[in-house]
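The values are calculated or read from the model by the stated rules, or taken from the named source; none is laboratory data. Everything numeric here is computed off the predicted structure, so don't read it as measured data. A quick note on method: Cβ atoms are made from the backbone with ideal geometry, for glycine too, and the neighbour counts reach across all protein chains shown. Side chains are part of the model used for accessible areas, which takes the heavy atoms of the whole protein and leaves out ligands, DNA and RNA. Shrake-Rupley method; radii C 1.70, N 1.55, O 1.52, S 1.80 Å.
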Amino acid sequence: MKQNYNKVDYEWLTRSTGDPFADAGGYAIEYLSEKFPEKDILELIEYITKIYVEKWGGKLHAFFLNSKVTQAAFQGQKKIDETNKYFEGMVNETHSSEVGFCRITGQETKLFFGGRDNSIMTGSGTLINFHHFFQKGISLSKEALIRIHFVPFACQQLQGRISLLQSSNKNLSNLFVKLTVEKNLHDIGIGLSEGVAKSDLNKPANSIFYFIDYALSKIQDFGDGKAIPSLTLYHFTNFGASPEIQLYQLPAKVFLFYRTCMQPKFREDWQKFVRSNYFDGQHKGAKYNHQTEKFEYVKSKKIEIIDQTDYRQWLNVVYNKLLNGENIRMYFLRWSRKHSFSFEIVAIYQQNIIGMKKETISKIKELAAFLVREEDSDKIKKRIKALDGAKNAAALRRFILKDVVSANYSTGNKNPIVSLDDYINYLFPDGSFWAEIRDLLLIAVYQEMHERELISEELKIELESEIENEITNE
């Protein structure tokens, strides 16, 4: 970027601040300055303002209230001229200001007031109670206010609101802005840009995980050593009298789990499982065909084929539960009844997301192998039904004592398969949930059967009732 203005600290136009909006604007400035190195900051402001006005029709009402661009009293070129005049006065410090510390950058400099007309999700006018000493706006440096002017070019429309995805990892935050800016420039280039870039997806959870998929294909090293990224989707509107924001936060441990599932050895199993859990109210009863990777929906006695472009717009229950911190164990169980699935994925989930002890998982795997030790499908089915029928902790304990501990002794094995230490510390420790042990044991049993090819088509049909019951009682 050409640096013609000594009164602008160019480093603070792109330097990380920790403020999601200022950082997004900074990444947009950084991208545009590399694309147009001959432009100084005022020329970049004029460039982006022309896009807002001439291409987008001044439709920035979800960001700014009564700004120079959204002001109804200004039309066409007047919007551009007034915006340029405003920022020229700020850069040249002819606007009223005071010396202090910027609330975003922390630098000691001349400060200007930021209100709803030039900053996002702040107070002004009747909302001055948002600020210290009831000031008329938040005290910001010119660099921070310039950055915020570029924020609309770094955001996407999602469900009628504005979305901005930021991460604890600056490479991920930068990637989202880069993806969005490039999308905007592409649409402008082909004459299709009419406003803020539209997200390819219409559900917040789907949008976050789709972005992670994209990021994993683009970034090998996240550059933060051992720190695992977390992500936050800011879903907001600053419109008129009803400003509102909702945060969707994906913790680092969920990011790590998802990234692990997308490794080559797990990817196929994981994707089949996830894709089977899309749901749409207008296509109730649609079934996922894991061979064609498409949904099949019977409508008027005809089969309608729904491909990924369409069904990824549907609600994905697994994505939603991962994002909301809800347990997906029952979905693992439902899928495992009829499909081969890596138990290692379940183990990683239980250990890293739920916090289960590694020894508990190992013992469950050992018990499952014991229960499937004989390749007698009738005996195995009886054990599964008995385990499925355990509806409380006492019933599960009786099953383990009878079908595992007692059965082990009856084989003549002198080594206990469940020791007192296993029983107290790993299978039924204080604070544990008995149903979790039962479900994981069932999952492990089914996977042992899949590996040994012991699940027949007949058994799959019998399992349909169990799956339907799980769906009904969810």
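Table for the structure above
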{"quantity": "Subset of the range 368-391 (residues that are in contact with a Phe, Trp or Tyr (Cβ under 7 Å, 6 or more places away or on another chain) and assigned to a loop (DSSP other than H, G, I, E, B))", "calculated": "Ala390"}
{"quantity": "Condition met for Thr105 (assigned to a strand (DSSP E or B) and touching a residue at least 60 places away in the same chain (Cβ under 8 Å))", "calculated": "no"}
{"quantity": "Any hit, the range 397-415, residues being among the small types (Gly, Ala, Ser), under 23 Å from Arg334 (Cα atoms), assigned by the TED database to the domain that holds Arg452 and open to solvent by less than 40 Å² (accessible area, probe 1.4 Å)", "calculated": "no"}
{"quantity": "Residue that is surrounded by the most Cβ atoms within 10 Å (Cβ to Cβ) [pool: residues in the range 201-246 that are in contact with a helix residue (DSSP H, G or I) (Cβ under 7 Å, 6 or more places away or on another chain) and part of a loop (DSSP other than H, G, I, E, B)]", "calculated": "Pro229"}
{"quantity": "Complete set of residues in the range 221-243 that are at pLDDT below 85 and closer than 30 Å to Thr70 by Cα", "calculated": "Gly240, Ala241, Ser242"}
{"quantity": "In the range 371-396, residue surrounded by the fewest Cβ atoms within 10 Å (Cβ to Cβ) [restricted to those that are free of Cβ contacts under 8 Å to residues at least 24 places away in the same chain, under 23 Å from Leu454 (Cβ atoms) and among the small types (Gly, Ala, Ser)]", "calculated": "Gly389"}
{"quantity": "Those residues of the range 280-295 which are under 24 Å from the mean Cα position of the chain (by Cα) and either open to solvent by less than 40 Å² (accessible area, probe 1.4 Å) or of a type in the set (Val, Ile, Thr) (or both), in sequence order", "calculated": "Asp280, Tyr288, Phe295"}
{"quantity": "Failed criterion for Leu165 (all others in (1) at pLDDT below 95; (2) touching a strand residue (DSSP E or B) at 6+ places or on another chain (Cβ under 6 Å) hold)", "calculated": "(1)"}
{"quantity": "Members of the range 160-200 found to be touching a Pro at 6+ places or on another chain (Cβ under 9 Å), hydroxyl-bearing (Ser, Thr, Tyr) and crowded, with 21+ Cβ neighbours inside 10 Å, listed by number", "calculated": "Ser163, Ser167, Ser173"}
{"quantity": "Index of the failed condition, Glu11 passing every other in (1) within 18 Å of Ala154 (Cβ to Cβ); (2) open to solvent by 70 Å² or more (accessible area, probe 1.4 Å)", "calculated": "(1)"}
{"quantity": "Test for Lys365: is it modelled with pLDDT of 95 or more and assigned to a helix (DSSP H, G or I)", "calculated": "yes"}
{"quantity": "Residue check, Leu333 in contact with a helix residue (DSSP H, G or I) (Cβ under 7 Å, 6 or more places away or on another chain), without any contact (Cβ under 8 Å) to a residue 60 or more places away in the chain and not in a loop (DSSP other than H, G, I, E, B)", "calculated": "no"}
{"quantity": "Odd one out for Glu359 among (1) surrounded by fewer than 14 Cβ atoms within 10 Å (Cβ to Cβ); (2) out of contact with any Phe, Trp or Tyr (no Cβ under 8 Å at 6 or more places or on another chain)", "calculated": "(2)"}
{"quantity": "Unique match (being free of Cβ contacts under 8 Å to residues at least 60 places away in the same chain and within 30 Å of Trp434 (Cα to Cα)) among Phe295, Phe279, Phe343", "calculated": "Phe279"}
{"quantity": "Unmet criterion (only one of (1) free of Cβ contacts under 8 Å to residues at least 24 places away in the same chain; (2) among the small types (Gly, Ala, Ser); (3) closer than 30 Å to Cys261 by Cα) for Ala368", "calculated": "(1)"}
{"quantity": "Residue match in the range 259-271 (condition: in the same structural domain as Asn320 (by the TED database), within 15 Å of the chain's Cα centre (by Cα) and closer than 16 Å to Gln156 by Cβ)", "calculated": "no"}
